[in-house]
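A short write-up of the structure that comes next.
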Amino acid sequence: MADNPSSLTLTRVRLGAGGPLVRVRVADGRITHVVPESDAVAEVDGGRRLDLEGRVLLPGLWDAHVHLAEWASARHRLDLAGTPSAQAVADLVRERAGAADGSVLHGYGFRDGLWADAPHKALLDAVLPDRPVALVSADLHAVWLNSACLALVGKGDHPTGLIREHEAHEVLSALPAAPADVVDGWIEEACRAAAARGVTGVIDFQFGDTVVDWERRSARFQPAVRVSAAVYPSRLDAAIERGLRTGDEVGADGSLVRVGPLKLFTDGSLNTRTALCRDPYPGLEGTDGAHGIEETAPDELVRLMRRAAAHGVVPAVHAIGDRANTVALDAFEAVRCRGRIEHAQLLSPQDLPRFARLGITAGVQPRHATDDRDVADRHWAGRTERAFAYADLLAAGARLEFGSDAPVSPLDPWLAIASAVSRTDDERPAWHPEQRLSVPDALVAAARGRRLIRVGDPADLVVVDVDPLDADPDTLRAMPVHATMTNGRWTHGPY
């Protein structure tokens, strides 16, 4: 890509979906002029001019929930997406095992919520007894290990090899990791791939010391996207001691890497039947886990949120089940701070207006609605009119921000937009079509609330070849992105 000029005027470009032809001038990373093409005057054309031939200019898109190291690594792992059973996964492991060199065989993407058989270490032992195998579920809430891998992480006496929730994160942290410079290279590549889909920023919820990791990376390369790096509770005290607040610039290129929110958990996930719900899961009635799990006690949740908010760190609370979302909203009401609820998948009707009243952003992943419709129909039977209720949230005044939760879904905002608009990603009719969003509302949610391109805004822009208002769902999913600009710098395209 060519060097970026200090000033650039984009001519013959349509201002937003369905918008008029305008000229837009960018200088020093900001938008300095937006004028109708017919009224353009000489002073708008300072510096280089670029004719965009009637293409559509949109605010840059964000992925407001991604696990970047997991996503970048998953692109280099055994792909288990779509496997119909535990035995099918084992068969795939047999086919792709490669040499038994002692290294861990990593896989990602299995969904066992609808399987007739159960993941078990014996299935993996039968096809690969000597090489450690670690397979991560699509929702990142479970890991399936064979006996060799269980022994490697000190869990040799585990009865099944399927480990869930917090213990799963501990196990994954204990596995031998790829060298940091290798993972950083994968992440740099993944950021460029995101820019090629119109992404100009992400909130990175990768588990670990994410701020410090991004300080290291920014000294090595300039990311193709803005990064908001989350803080986890184990690093909260260190962040406070450093005086870090959400939004602070960090790293060698501070204009692109900033401190993100504090990530907290109230519950687990739908696919693992650990999302905390008011009603029991079918078939689990009377058991300890019938309603899911409480990941953080309400008093502890309030304590952590109050401490973070007092030091300028904005909480982002994972909540999937309806009970979990009530707990999260109750905590925000007690603390009286701004923040986010991540996922908000199943909601009680009385909680819908609380998002707007408390000023809480709903960070949602529309692709999950289409990916998980069958699992929701089984495990949330009779309640799915309250699941992934994006239209109801908007009608209640809530602010929506789209993400992918990559690698749970691919890091591609157009997939989220298409899923929100159509509520299906296959030949079946829309699932709960009453919760569909309009294309303009979906675009705003994918751009972190930016509806317009205005003078003074950061020059985070995406140029597309098709007007989204004219696109059917298939075209939205495959939207041809002509170019992407972040902070006034081309990060994708021919320029």
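Taking Cα centroids, how far is the range 409-453 from the range 76-107 in Å?
About 32 Å separates the Cα centre of the range 409-453 from the one of the range 76-107.
Under a crude label model (7 Å from the Cα following the beta-carbon direction), how far is ARG428 from ASP279 in nanometres?
Inter-label distance under the simple model: 1.8 nm.
Over the Cα atoms of the range 69-153, how large are the radius of gyration and the largest Cα-Cα distance (Dmax), in Å?
Looking at the range 69-153, its Cα Rg and Dmax stand at 11.7, 34 Å.
What would the Debye equation give as log₁₀ I(q)/I(0) for the range 214-340 at q = 0.23 Å⁻¹, counting only Cα atoms as equal point scatterers?
Each listed q maps to, in turn, -1.18.
Any chance you could give the angle, 0 to 90 degrees and rounded to 10, that helix 298-310 forms with the longest Cα principal axis of the chain?
30
If packing is taken as the mean number of other Cβ atoms within 10 Å per residue, what is the order of 50-56, 21-27, highest first?
Numbers: 50-56: 15.7, 21-27: 21.6.
Per-residue mean Cβ counts within 10 Å order the peptides as 21-27, 50-56.
Full-extension gain between ARG306 and ALA118, please, as 0.36 nm times their residue separation minus the C-alpha to C-alpha distance.
Full extension of this stretch gives 63.6 nm more.
What relative contact order, as a whole-number percentage, does the chain give when Cα pairs under 8 Å and 6 or more residues apart are counted? Walk me through the numbers before you get to the answer.
On the way: 1128 pairs, mean separation 87.0, N = 495.
The normalised contact order for the chain reaches 18 percent.
With a 1.4 Å probe and every protein chain left in place, work out the accessible area per residue of the range 411-495 in Å², rounded to a whole number. Intermediate values should be presented prior to the final figure.
Working: 3250 Å² over 85 residues.
Per-residue value: 38 Å².
Would you indicate which of [x] 43, 30, 19; [y] 35, 29, 24; [z] 38, 26, 23 is the value of semi-axes √(5λ) of the Cα gyration tensor in Å derived from the coordinates of this structure?
This structure yields the entry labelled [z].
Ranked from highest to lowest mean number of other Cβ atoms within 10 Å per residue, what is the order of the peptides 66-74, 464-472?
On the way: 66-74: 25.3, 464-472: 16.3.
Going by the mean number of other Cβ atoms within 10 Å, highest first, we get 66-74, 464-472.
Just flag the trypsin sites (Lys or Arg not before Pro) in the range 410-488 sitting in loop per DSSP whose Cβ has no more than 14 other Cβ atoms within 10 Å.
Working: sites: ARG423, ARG436, ARG448, ARG450, ARG451, ARG454, ARG477; in loops: ARG423, ARG436, ARG448, ARG450, ARG451, ARG454.
The qualifying sites are ARG451, ARG454.
Express the carbon and sulfur contribution to the solvent-accessible surface of the chain as a percent, rounded to the nearest whole number, probe 1.4 angstrom. Mind dumping the intermediate values first?
On the way: 9310 of 18720 Å².
For the chain, the apolar C and S fraction of the accessible surface comes to 50 percent.
The values are calculated or read from the model by the stated rules, or taken from the named source; none is laboratory data. Remember, it's a predicted structure, so these values are computed and weren't measured experimentally. Reconstructed Cβ throughout: ideal geometry from the backbone, glycine too, with neighbour counts over all protein chains shown. Remember, those area values only see protein heavy atoms, side chains included, never the ligands or the DNA or RNA. Shrake-Rupley method; radii C 1.70, N 1.55, O 1.52, S 1.80 Å.
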